[in-house]
Amino acid sequence: MSIDELKAEGSRLFANGEYLKAVGSFSKAIKIAPDNETLYANRAAAMCQINKFSKAIADGEKCVELKPAWAKGYFRLGVAQVGGNKAADAVITLERALELDPSMSDIAEFEKAPFPPGSVTTNTPVFDPTDPSLRC
């Protein structure tokens, strides 16, 4: 399969809630195109949905390394950081996304789920990663 076919397959699987299979499709595409930031962003989103936040963070970091001026990459990284109990890092990351794109609608949706008091220093999850309004 081509990169485009694998990306489309991964996106379809993600939309159908088949997140682990989506990760597989995006991973295959990354092997073919290891410098494609969109593939890392998409795989990070799928990883978030299966609670693999450390892997989602790694993908988000790779995404912003490859395309440092892309707000969506920072958004995906920030959501993964929140899920991985790295709220302090997430605040900085999401602020960077807003600097790059102040009108980013994903950030506005994300802001509806405020960090609970003390979440920056505790290991308590700060959001339900299955909440569809917070999908990365």
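The values are calculated or read from the model by the stated rules, or taken from the named source; none is laboratory data. This structure is a prediction, so every number in the text was calculated from the model and none was measured. Neighbour counts are summed over all protein chains in view; Cβ atoms, including those assigned to glycine, are modelled from backbone coordinates with ideal geometry.
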### Message
One residue is enough: does the range 65-72 have a residue meeting the conditions surrounded by fewer than 21 Cβ atoms within 10 Å (Cβ to Cβ), out of contact with any strand residue (DSSP E or B) (no Cβ under 8 Å at 6 or more places or on another chain) and more than 24 Å from P102 (Cβ to Cβ)?
### Response
no
### Task
Answer with yes or no whether K55 is closer than 22 Å to G17 by Cβ, at pLDDT 95 or above, touching a Gly at 6+ places or on another chain (Cβ under 9 Å) and surrounded by fewer than 24 Cβ atoms within 10 Å (Cβ to Cβ).
no
### Query
Among the listed residues S54, S11, which satisfies the condition of being touching a Ser or Thr at 6+ places or on another chain (Cβ under 9 Å), among the hydroxyl-bearing types (S, T, Y) and either more than 22 Å from A71 (Cβ to Cβ) or not in a loop (DSSP other than H, G, I, E, B) (or both)?
S11
### Query
If we scan the range 69-82, do we find a residue that is outside any helix (DSSP H, G or I), modelled with pLDDT of 95 or more and among the small types (G, A, S)?
yes
#### Entry: Selection within the range 1-32 - among the aliphatic types (A, V, I, L, M), closer than 22 Å to L77 by Cβ and loosely packed, with under 15 Cβ neighbours inside 10 Å
A15, L20
#### Entry: Close pairs from the range 47-70: first more than 17 Å from G84 (Cα to Cα), partner assigned to a loop (DSSP other than H, G, I, E, B) and among the acidic types (D, E), Cβ under 9 Å, at least 6 apart
L66/D35; W70/D101
